[in-house]
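In what follows, a structure is listed as structure tokens, so that the remarks can point back to it.
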Amino acid sequence: MKTTDTPPPPAGTVEARPVVKKLDTPSGKDRSGGVLNVFSHGVLVIWSVLVVLPLLWAVMTSFKDDKSILTTPWALPDRLHFENWSRAWTQAHMSDYFLNTILVVAGSLIGTLLLGSMAAYVLARFEFPGNRFIYFLFVGGMSFPVILALVPLFYVMNNLGLLNTIHGLILVYIAYSLPFTVFFLTSFFKTLPTSVAEAAIIDGASHTRTFFQVMLPMAKPGLISVGIFNFLGQWNQYLLPTVLNTDPDKKVLTQGLVQLASSQGYKGDWSGLFAGLVMAMLPVLGAYIIFQRQVVAGLTAGALK
């Protein structure tokens, strides 16, 4: 039998040797990262349970009668008592409070986003004497406790004839929300490319047209993010309307819930109260669920430059 030997490599060449790969063993850093990942996920799961369970319990309780709420608070309802919702909507005047809240929050949200975006755009794009001073005034407004301004604000509103009015409450909400809006949008406008605005100016667009037709649409993620935050704060606002809005016909949702809880005395319409609570909660949950991607996009875009 004839065998063939492998010819030796030519002179001057290096013989290739097989490469032996070593199995990667987890290092101490990888193990610590895995432990941290498990710990963080565990904390998130616990936090989710603490947040979701009370919401589900409130929704479940809104469909139970008063006796079941007091005797078996954790049991499922024997049947769905939709009359709790109708009673809260009509007899407890939740429909009127709901309408007043929508009017106040819608007007204040539009005004806050419009004025806040205009101020933030100027502070972010234009250099002029006092720019940083005005910016830090807005930042200082976020740290000023609103409770200290209640008494002088009450007298100012009373002298202007804006006490117990819807438009007066809208103006107060706008002033209350502007500092955070300007602070957030100023950082966001700084992340937008300047070349687009410069091209619009070269094409003959004015600063106003450049802002409304070019820069404002580009800032849509930031506007949605700060709009959601302002919506949450204004929808759940209780202190300002309690002091500045004492007219029973113009009360907002938070005032109506407190009145519903306190007006029952020892009798306590718990089923109607939980139905009203869920009514007040649903718009906030719906707004966040619908715009959650835009909120995350706006926060990440504003954080990166």
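The values are calculated or read from the model by the stated rules, or taken from the named source; none is laboratory data. Everything quoted here is computed from the prediction, not taken from an experiment. Note that each Cβ is placed from the backbone with ideal geometry, even for glycine, and that neighbours are counted across all protein chains shown. All accessible areas refer to the heavy atoms of the entire protein, side chains included, with ligands and DNA or RNA removed. Shrake-Rupley method; radii C 1.70, N 1.55, O 1.52, S 1.80 Å.
If you take the C-alpha gyration tensor of the range 82-303, multiply each eigenvalue by 5 and take the square root, what semi-axes do you get, largest first, in whole Å? Mind dumping the intermediate values first?
Working: eigenvalues 287, 86, 38 Å².
The answer is 38, 21, 14 Å, longest axis first.
When the Karplus curve 6.51 cos²θ - 1.76 cosθ + 1.60 is applied with θ = phi - 60°, which whole-Hz ³J(HN,Hα) does each residue of the range 56-70 get, with x for Gly and Pro?
With the stated coefficients, the range 56-70 comes to 5, 5, 5, 5, 5, 5, 5, 9, 10, 8, 4, 5, 5, 5, 7 Hz.
Keeping every protein chain in place, order Trp57, Trp235, Trp270, Trp47 by accessible area at 1.4 Å, biggest value first, i.e. largest first. Kindly include the intermediate steps, with their values, before the conclusion.
Numbers: Trp57 70, Trp235 15, Trp270 110, Trp47 165 Å².
Correct descending sequence by accessible area is Trp47, Trp270, Trp57, Trp235.
Kindly state, as a whole number, the per residue volume in cubic angstrom of the convex hull around the alpha carbon atoms of the range 116-247.
Per residue, the Cα convex hull of the range 116-247 comes to 129 Å³.
Each label point is 7 Å from the Cα along the Cα-to-Cβ direction; what then is the distance between the points at Gln213 and Asn158, in nm?
5.0 nm
Could you sort Lys250, Lys64, Lys220 by their accessible area in this structure, using a 1.4 Å probe and putting the largest first? Show your work: numbers first, answer last.
Numbers: Lys250 70, Lys64 5, Lys220 125 Å².
Greatest to least solvent exposure: Lys220, Lys250, Lys64.
Could you tell me how far the Cα centroid of the range 221-285 sits from the Cα centroid of the range 72-127, in Å?
First find each Cα centre; the distance between them is then 7 Å.
Assigning unit charges at the beta carbon (Lys, Arg +1; Asp, Glu -1) and nothing else, what dipole magnitude in debye, to the nearest 20, does the range 152-305 show about its Cα centre?
On the way: 8 positive and 5 negative charges, 47 e Å.
Computed about the Cα centre, the dipole is about 220 debye.
Label-point separation (nm) for Asn37 and Asp65, each offset 7 Å from Cα along Cα-to-Cβ?
5.3 nm
Mind ordering 184-195, 285-296 by average Cβ neighbours within 10 Å, highest first?
Numbers: 184-195: 17.2, 285-296: 12.9.
Highest mean packing first, the order is 184-195, 285-296.
Modelling each spin label as a point 7 Å along the Cα-to-Cβ direction, I'd like the Phe82/Tyr238 distance in nm, to one decimal.
Once both label points are built, they end up 3.1 nm from each other.
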